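As structure tokens, the structure follows; a few thoughts come after it.
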Amino acid sequence: MAKKSNFHTPVNLSINVNMVNICLWILTGLLALGNFQRIQITETLVIYGHDLLMPMLIGLIWFQDRQVFAQWKNLWRNAIIKTLFIWAGLIFIYHFSQQNWLFLAYNLRFLLYITFGMTLWSTKLISNSSKWLGLGLYSLVLIGWGWWQYLFLPDTRFLAVFGWDDHYFRLIGTAFDPNFTGALLGMLLICWQFLAKTFKQKFIWLKWLMTGLLLLTLGLTYSRASYLSLLVGISALVILAKRGHVILALPSVILALPSVILAKRRNKALVIPAPPSVIPALAGIRWLGLGLTALVLGVVLIIATQKSGEGMNLARTASIQARVTHELQILKAWSLQDWLMGSGFKLKIQTPVTKQIITPPNLARLPNNLIITLISGWGVIGLGLLLNALRKTKPWQSLNPSQLGLWALILIHSQFNNTLLHPLVLPILILSLLACQNRLSAR
């Protein structure tokens, strides 16, 4: 039986400044830079700055903390996991013989990220305070750059020349994509709800400030996949935690903002339709609520005076039709061998010929759907082994509601944008899961 999560374990706010923590903060800073640290080696091969720093951090932890190898030994003793690794090794050898360097590069990066996650989980050199400091700085960079881009550079259609999607009046962040930026903002929002459980009452304003800023920033992405996945993630957190007032307080605050303004003008008592546990928190954040209201009104005025793009139309269907058509073309092009052993991420579809003088590069190398991507990489056999391993080991039993909420958000989002395997999303998911673990005290 899984151990019950303890959400009120006090956090040790002391931060041990050592080389490992410094490397972790630098790594988080590089992740915050997003595609600004992208290094295009060839037309198909891309690496990021954090891909280069991550092996150094892993090696440093292994050198200073030899206990991390115990996790790998325990994992390899599991027969189901061992079978999955053997199949992955056979697929790796097969595509190596076919000189499919794209498949090898993607799998090496995925293995690097998994090693990074297991190393951080096993080591005692990094405290949760250090992880939260990194995520806090990451949140500020993501919010700050996103707002600067939306207010001063809303027309990003020029990025189509470099192979990116052309977006107009949408917040794209450092990921240069509103969908992936929305997923990152959603994960951070869930993380801040978890961290707020350990706040003292005098710091509760920080939770509401970050929640409001993250929600506003996510709203400007106009990403329907992000809206839906955040709703599913928050719902999972509320249902599993059985502490609905923590999150359900947010709609109450939003609904109460007009009442706050009217009560201020008329000098009347403030009546808020909220759970009893929410009312004390609202009393302490009235001025914060007024500030957020002014911010929302300012954003609305700015948007109202600008031209809107097709991406801001939440009822648009062109993007849905394009994704469905793209996925169907991939599935129809597969042979029986591709279905069983995977196509190695080779998109066997013809690119339409254009009459452009300069043909922009195509940066979309994988299918949009996570399940199709997994079959493309490891085949139906590999996907079946993975699902069987998850069914036997049941890793979700050791996760708390916040971690399950993060997984729910990412898995739903990945059905539309293959978010889980994105090199800017998976490392942040790993850091978020580790920061939201039950062991809140500094280790």
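How about the range 154-176: which of its residues are at pLDDT 90 or above and of a type outside the set (S, T, N, Q)? Leu171, Ile172, Gly173, Ala175, Phe176 - these are the residues of the range 154-176 that are at pLDDT 90 or above and of a type outside the set (S, T, N, Q). Checked against (1) at pLDDT below 85; (2) crowded, with 18+ Cβ neighbours inside 10 Å; (3) of a type outside the set (D, E, K, R), Leu370 meets all criteria but (1).
Cβ-Cβ contacts under 8 Å between residues 6 or more apart (or on different chains), taken from a first residue in the range 97-109 that is free of Cβ contacts under 8 Å to residues at least 60 places away in the same chain to a second residue that is surrounded by fewer than 18 Cβ atoms within 10 Å (Cβ to Cβ) and assigned to a loop (DSSP other than H, G, I, E, B), are listed as Trp101/Thr44; Trp101/Leu45.
Does the range 207-216 include one or more residues that are in a helix (DSSP H, G or I), at pLDDT below 90, under 23 Å from Asn369 (Cβ atoms) and among the basic types (Lys, Arg)? No - not one qualifying residue is present in the range 207-216.
Can you name every one of the helices (runs of 4 or more DSSP H) wholly within the range 78-160 that holds 2 or more residues which are under 19 Å from the mean Cα position of the chain (by Cα)? Even if it seems obvious, please write down each step before you answer.
Numbers: elements: 79-97, 101-122, 128-152.
Per the criteria, 101-122, 128-152.
When residues in the range 107-141 are screened for being over 30 Å from Gln67 (Cα atoms) and in contact with a helix residue (DSSP H, G or I) (Cβ under 6 Å, 6 or more places away or on another chain), 2 of them pass.
For the range 373-384, give me each residue that is surrounded by 20 or more Cβ atoms within 10 Å (Cβ to Cβ) and not aromatic (Phe, Trp, Tyr).
Our first condition is that a residue be surrounded by 20 or more Cβ atoms within 10 Å (Cβ to Cβ); within the range 373-384, this holds for 373-379, 382.
Those that are surrounded by 20 or more Cβ atoms within 10 Å (Cβ to Cβ) and not aromatic (Phe, Trp, Tyr): Thr373, Leu374, Ile375, Ser376, Gly377, Gly379, Gly382.
When Phe169, Phe158, Phe194, Phe162 are checked against the criterion of being farther than 30 Å from Val68 by Cα, buried (at least 18 other Cβ atoms within 10 Å of the Cβ) and not small (Gly, Ala, Ser), a single residue qualifies: Phe169.
Total residues in the range 203-244 satisfying the condition of being free of Cβ contacts under 8 Å to residues at least 24 places away in the same chain and at positive phi: the figure is 1. The C-beta contact set for the range 147-169 (first residue on the phi > 0 side of the Ramachandran plot, second residue in a helix (DSSP H, G or I), distance under 7 angstrom, 6+ apart or interchain) comprises Phe169/Met312. Number of residues in the range 348-367 that are surrounded by fewer than 18 Cβ atoms within 10 Å (Cβ to Cβ), under 25 Å from the mean Cα position of the chain (by Cα) and at pLDDT 55 or above equals 1.
Could you go through the range 98-112 and let me know if any residue there is under 25 Å from Leu189 (Cα atoms), surrounded by 17 or more Cβ atoms within 10 Å (Cβ to Cβ) and among the aliphatic types (A, V, I, L, M). For the range 98-112, residues under 25 Å from Leu189 (Cα atoms), surrounded by 17 or more Cβ atoms within 10 Å (Cβ to Cβ) and among the aliphatic types (A, V, I, L, M): absent.
Take Thr181 and tell me if it is over 12 Å from the mean Cα position of the chain (by Cα) and among the polar types (S, T, N, Q). For Thr181, the condition - over 12 Å from the mean Cα position of the chain (by Cα) and among the polar types (S, T, N, Q) - is not met. Every condition in (1) at pLDDT 50 or above; (2) aliphatic (A, V, I, L, M); (3) closer than 12 Å to Leu189 by Cα holds for Ala241 except the one numbered (3). Scanning the range 311-345 for residues that are at pLDDT 65 or above, assigned to a loop (DSSP other than H, G, I, E, B) and not hydroxyl-bearing (Ser, Thr, Tyr) turns up Arg316, Trp334, Gly342, Gly344, Phe345.
The values are calculated or read from the model by the stated rules, or taken from the named source; none is laboratory data. Please read all numbers here as calculations on a predicted model, not as lab measurements. For neighbour counting, all protein chains shown are included, and Cβ atoms are generated from backbone atoms with ideal geometry for every residue, glycine included.
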